[in-house]
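Scroll down for the structure; my scribbles are underneath it.
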Amino acid sequence: MLPTPIKDTESSFIFPDQTCQRFTLSEIQSATQNFDEALVIGRGGFGKVYKCSKIGSMTEVAVKRLHSRSDQGANEFESEVKVLSKLRHGNLVSLIGYCIEGIEMILLYEFMPNGTLEYHLRTPNLSSSWLQRLKICIGAARGLDYLHTGTSTQHGVIHRDVKSSNILLDADFAAKISDFGLAKVGVIDQSRTHMSTAVKGTFGYIDPCYFYSGKLTMKTDVYAFGVVLFEVLSGRKAVDSTLDEEQCGLAAWAQHQIKEGKINQIIDPRLLGQVSKKRLKEFASIAGLCLHPQPKHRPTMAEVVVKLESILSKERESATSVVDDEGFIFKLRSLFVGKSVDAAIGSKSDFSVHREPIVAEVNVVIENDTYGSFRTFTYAELVIATNGFKDEEQSTALHESIYKGWVDERTYAPTKKGVGLAMYVRKMEIPTQKPDIKLEDFNHPNLVKRLGYCLNKHELFCVYKDISGITLDKYLYGESGRISLSYVARLKIAIGAAEGLVYLHRRNQPAYNPFKTDLILVDTDFNARLLDFAFDRQMFQMDTYYYAAPEWFGYQEDGLTIKSEIYAFGVVLLEILTGLKVYDAKRRPPQKRNLAQWAIPLLQDEVNLRIIIDPQLQNNDFPPMEAFKLAKLVLNCLQQKHDKRPSMEYILEVLHSCYQKKPKQFDY
């Protein structure tokens, strides 16, 4: 295996360097048993896809082999390697490596055990629930949003072949965008709103405007995603030649049904009884907007994500379930797996096929309990996994000692040091109250993932997948010297944190005590993940005083709401904008020590904003209009009356609109 960086030498754009592994043909032949037909798991225009259990240090790999070295295949191969080797996101399929020897061109990806979305929609005995379909749509939309806006300020990636067969599902049915052979990457600025290119894509998903004009924009992907949304809603193919002319094209047929007021004719019969009438209209509305004939009137993928998450949140709120909290053991079980276990008992899971029925007793020993990818560990297992709790580390993120260990990547069973998946164990106080947490709370890309827990007598251990990275406060004003953060990097961090809070706020209760910058973990690509969410909040500490909303100081047992957390998030946005600590008695005079009090009058005027904004941002690339928009958002968050503050969904929309110099740069 030859570590070889993929260089983009022919393009005018530059992405952050990424390394893609180069495999030899002999390695691949050995892993696939010389391309044994028995290992074929898929076929397409590119060629065959094989599953191999191991290659190099990798397990469970999908190997895609090009038919022959045709011009089209070579171009797609090059595009796929260039694009995927530079992009990393939880909702994009990961490119592990490639091989190019003689006439052979081969790509290696992470294996997706649950196949494609198309397969699950078309196979009757794999019927998925409405909530599961919504989550898949949200995951795919997140991946496309990252492609369109998350790579950098100057570059956008247009997938150009969005369809249900290119949305893969991992072991947890999380959606991942795949097949970047037709993707286009280019410099996009205010004077260039589209790229002229030969029309490519899949019939039934191609944007009519792109088809007739050859003008490719981000909204071309949005159109195709609208078709996918109608596939998810109806269970039908994008094009079905077995139907008559009026019905064979899903996009045109679905829009006609909506126009005629026959929206109930669209819904997949397998979903009947699962979708509320109001949510059905909302979902069909966003799908219809994606198909708008004029690209400028279509939503951005960021807007699609927000709307779909809102629908999912409302559907969850309307669902009813009963949790029996008798006994301390069951209370602790409920703390971690919430109502999901109860809802699953005696009912169908989201994907009823592939999963065994869940059997639970209130008084069972919790050490034997395992549910999905969230595991109950025994104390003995943690001792083995952590080498007797000897590998102690000081976590800069949690400000305390944690223990590093190793578990199997799929089963989370303890393994030897250096083998499998690195995990971290944190000893915690047992919460006195049970927050309303559901199992899926642990699997959001903007939350630090918990693998499981262990109760040893009256000791509680939390097991995390990863707590690496630097907290936002260290990025903004670390003691060892400040790290320069660009305007876009700061917005990306803010958007990631907002995404996490939007997800947590669906429970309609605050998750922190209160929210602050040292609870935002930032990786090297400026992706944000939230720490310590939804746990029993400790006594109010003085270091959180300046994040606290006014209602904190008339504190009642149930006096705080998610709007109290909106205030704290506004303070965090203020720190991001100014690069200043929330309170600093050493470096600032008395009238300026409290950042929020000092800043509020200055934020109201675009000229005065320059006084307080971080000097690092005041350069040629700094967009003052978007900064002022951000300043106004901060003011809204810091309203004295909680009912005047915006929702996290609205905050997320505004942050996305601030992300680039001209948010609607692809409209024409």
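In table form, for the structure just shown:
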| read-out | value |
| --- | --- |
| Charge sum, other residues only, whose C-beta stays under 10 Å from LEU451's C-beta, Lys/Arg counted +1 and Asp/Glu -1 | +3 |
| Extension reserve of the THR24-VAL239 stretch, reckoned as 0.36 nm per residue once the Cα distance is removed | 73.4 nm |
| Pairwise label distance in nanometres, GLN616 with GLU101, each label 7 Å out on the Cα-Cβ vector | 4.6 nm |
| Sequence ranges 519-531, 560-572, ranked by mean other-Cβ count within 10 angstrom, highest first | 560-572, 519-531 |
| Residues GLU393 and SER129, FRET efficiency given R0 of 35 Å [Cβ-Cβ distance, rounded to 0.05] | 0.30 |
| Full-stretch length increase - SER318, ASN636 - with 0.36 nm per residue and alpha-carbon distance subtracted | 111.6 nm |
| Relative exposure of GLU101, GLU649, judged by other C-beta atoms within 10 Å (fewest first) | GLU101, GLU649 |
| Cα→Cβ-extended label distance, 7 Å offset, between VAL607 and VAL383, nm | 7.2 nm |
| Distance violations [Cα-Cα > 31 Å] among LYS82/LYS135; LYS465/LYS629; LYS54/LYS200; LYS176/LYS314; LYS82/LYS259; LYS86/LYS135 | LYS465/LYS629; LYS54/LYS200; LYS82/LYS259 |
| Average silhouette area of the range 117-318, convex hull of alpha-carbon atoms, in square nanometres | 11.6 nm² |
| The range 117-318: relative contact order as a whole-number percent, Cα under 8 Å and 6+ apart | 23 percent |
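Values in this text are rule-based calculations from the coordinates and carry no lab data. The model shown is predicted, which means the values in this text are computed figures rather than measured ones. Neighbour counts run over all protein chains shown; Cβ positions are idealised from the backbone, glycine included.
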